[in-house]
1. If residue B:78 satisfies every condition in (1) crowded, with 19+ Cβ neighbours inside 10 Å; (2) more than 8 Å from chain A (Cβ to nearest Cβ); (3) out of contact with any helix residue (DSSP H, G or I) (no Cβ under 8 Å at 6 or more places or on another chain) but one, which is the exception?
2. Look through B:99, B:113 and report the one residue that is in a helix (DSSP H, G or I) and in contact with a strand residue (DSSP E or B) (Cβ under 9 Å, 6 or more places away or on another chain).
3. Any chance you could count how many residues in the stretch A:274-325 are modelled with pLDDT of 95 or more and in a helix (DSSP H, G or I)?
4. Filter the stretch A:163-199 for residues that are more than 7 Å from chain B (Cβ to nearest Cβ), under 18 Å from the mean Cα position of the chain (by Cα) and assigned to a helix (DSSP H, G or I) and give the result.
5. Among the residues of the stretch B:190-198, is any crowded, with 24+ Cβ neighbours inside 10 Å and closer than 18 Å to residue A:175 by Cβ?
6. Counting only residues that are at the interface with chain A (Cβ under 8 Å from one of its Cβ atoms) and buried (at least 16 other Cβ atoms within 10 Å of the Cβ), how many does the stretch B:89-103 have?
7. Can you tell me which residue in the stretch B:29-39 is surrounded by the most Cβ atoms within 10 Å (Cβ to Cβ), limited to those that are near the ligand (Cβ under 10 Å from one of its atoms) and over 20 Å from residue B:130 (Cα atoms)?
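The values are calculated or read from the model by the stated rules, or taken from the named source; none is laboratory data. Quick caveat, the model's predicted, so the values are computed rather than measured. Neighbour counts are summed over all protein chains in view; Cβ atoms, including those assigned to glycine, are modelled from backbone coordinates with ideal geometry.
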Ligand SMILES: [Zn+2]
């Protein structure tokens with residue numbers, strides 16, 4: 001397996017390699033190097049702790065995008081006892097960037113949906129790098145409506161850079177598909193647990209990200225705009241993404257503090273891809289716990305709670321002024337204001 | 001005849017732009033240039049034509065208050081929730097000053113005005129977005145006002161009409177902004193369950209987070225001619241597919257051709273169209289419009 005390491009992990013990866021080499025050398029030559037090895041292992045532990053306990057938002061984004069980070073289908077395979085994949089939106093096609101089906105979770109039937117990145121270049125091309133078209137969102141909605149019909153809870157896995165920015169996606173109503181999912185997910189008569197495992201790329205992630213319980217992995221992110229897009233708008237300079245990542249407050253700890261997510265799931269040391277089974281077990285336990293909790297709530301109450309949960313989100317102040325001051329009138333100008341028609345969407349995100 | 005004449009008599013108060021904001025404006029300020037056909041237009045004529053070029057039909061962008069004036073029956077509008085003010089929940093650098101500047105430039109508190117009024121005598125709850133307020137991006141206040149409008153309409157069983165315009169979510173409010181898409185959509189769900197009519201009118205431009213929430217959720221979706229309508233910004237699409245986009249891509253006409261909207265209505269006919277739709281949905285005329 002060719003190893004891919006992130007820039008900030010490199011000192012650690014080098015140290016780990018040295019330890020491996022020493023072990024091999026010691027074994028081959030029959031020389032006892034256990035003292036040296038244990039010193040280096042201690043050093044590696046410290047270094048690992050130092051790196052992973054002080055991750056910057058940008059470093060977390062790099063981890064969330066790590067090519068070895070487990071994908072939705074890999075998690076499904078590790079978490080569920082059985083999974084039967086279902087295909088198609090019944091209207092246009094089958095979008096490989098969204099997967100879904102019925103699964104067995106410890107004796108409980110659930111509907112699973114999720115965005116799906118490829119594990120290699122070939123699969124990435126087939127899955128459009130995990131960026132859904134409208135038919136993907138419609139497939140997810142079809143499966144969710146099916147779950148509602150058969151009173152199955154829904155588990156949704158989110159790991160997507162964004163809805164696909166393409167001509168056909170627009171022609172087939174990308175925005176409409178997303179909006180429709182938002183409406184339906186808010187009122188589905190069954191419980192929904194959302195697990196944000198990697199990238200939470202704006203509206204394309206939100207379109208399968210509404211639920212009763214939002215669980216987010218420690219190094220996942222969820223953002224209104226990509227840091228690159230934000231930097232491009234603010235400074236016309238996509239290379240300042242690190243600064244933008246800080247400003248957007250998009251990490252799991254940030255979003256826990258903001259009340260956007262309910263639960264932050266710690267990752268194994270060295271992040272999810274270093275110990276996928278351990279990560280999968282943690283997710284499984286958290287999902288089962290959430291479903292147990294939610295199954296005790298009558299469906300009507302559940303839907304009310306979900307609405308109230310969304311309803312609360314937003315920060316504003318209520319002015320104590322009785323009314324707004326009269327709008328300004330430019331002296332002597334009786335003409336209708338004809339605003340310039342130059343689109344300046346600065347401040348508005350035109351990202352997916 | 002619609003009662004928009006008030007705007008020119010100075011008795012109603014309207015926001016105006018500072019001189020120089022209209023590009024290529026001849027010095028005397030009486031004339032302006034059409035952005036589509038480049039024809040020289042006498043401003044008074046353009047005004048009485050509701051901001052539509054008499055030669056080519058190009059629809060100039062309107063402010064929210066201008067839109068109110070040309071759409072609603074005179075003096076019928078009562079504003080709601082104007083006391084909701086924007087904060088800076090993330091401490092986003094420069095956001096405070098940006099909001100202040102937008103308030104100064106537009107005389108508005110935020111990118112949408114909501115309230116109740118009458119169209120051709122038919123009462124409705126209304127929203128008017130204003131693109132000159134930070135690209136009419138949706139932050140917490142826009143999301144809250146739209147949500148309250150839907151909730152009120154569901155209670156009062158009054159139809160809703162929202163004139164949309166937006167560059168998308170307000171990135172300076174981070175995830176609080178993005179979640180307004182889900183919040184407003186959920187509120188639309190309530191309205192829909194109450195079987196109350198919602199008409200969205202998409203004006204230039206309606207994109208990204210607003211299009212992918214309440215913008216495209218209308219029971220009936222109307223667009224103004226030539227309006228840019230879509231989810232992803234064109235620059236992002238071009239960078240992704242590395243191709244020039246076809247002419248007319250993401251226009252109202254494109255949206256109609258692809259089945260994304262119900263109809264395109266010339267601004268000069270919108271009162272009549274809305275009045276008919278409200279009437280056909282059981283609206284009772286309160287007063288001649
Ligand atoms: Zn013209």
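1. (1)
2. Of B:99, B:113, the one residue that is in a helix (DSSP H, G or I) and in contact with a strand residue (DSSP E or B) (Cβ under 9 Å, 6 or more places away or on another chain) is B:99.
3. Residues in the stretch A:274-325 being modelled with pLDDT of 95 or more and in a helix (DSSP H, G or I): 33 in total.
4. Passing the criteria: A:181, A:185.
5. No - not one qualifying residue is present in the stretch B:190-198.
6. Total satisfying the criteria: 4.
7. B:34
Rundown of residues vs (1) in contact with a strand residue (DSSP E or B) (Cβ under 8 Å, 6 or more places away or on another chain); (2) buried (at least 24 other Cβ atoms within 10 Å of the Cβ); (3) facing chain A (nearest Cβ under 7 Å), yes/no style:
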{"site": "B:157", "(1), (2), (3)": "no, no, no"}
{"site": "B:174", "(1), (2), (3)": "yes, yes, yes"}
{"site": "B:179", "(1), (2), (3)": "no, yes, yes"}
{"site": "B:187", "(1), (2), (3)": "no, yes, no"}
{"site": "B:225", "(1), (2), (3)": "yes, no, no"}
{"site": "B:233", "(1), (2), (3)": "yes, yes, yes"}
{"site": "B:242", "(1), (2), (3)": "no, no, no"}
{"site": "B:246", "(1), (2), (3)": "no, no, no"}
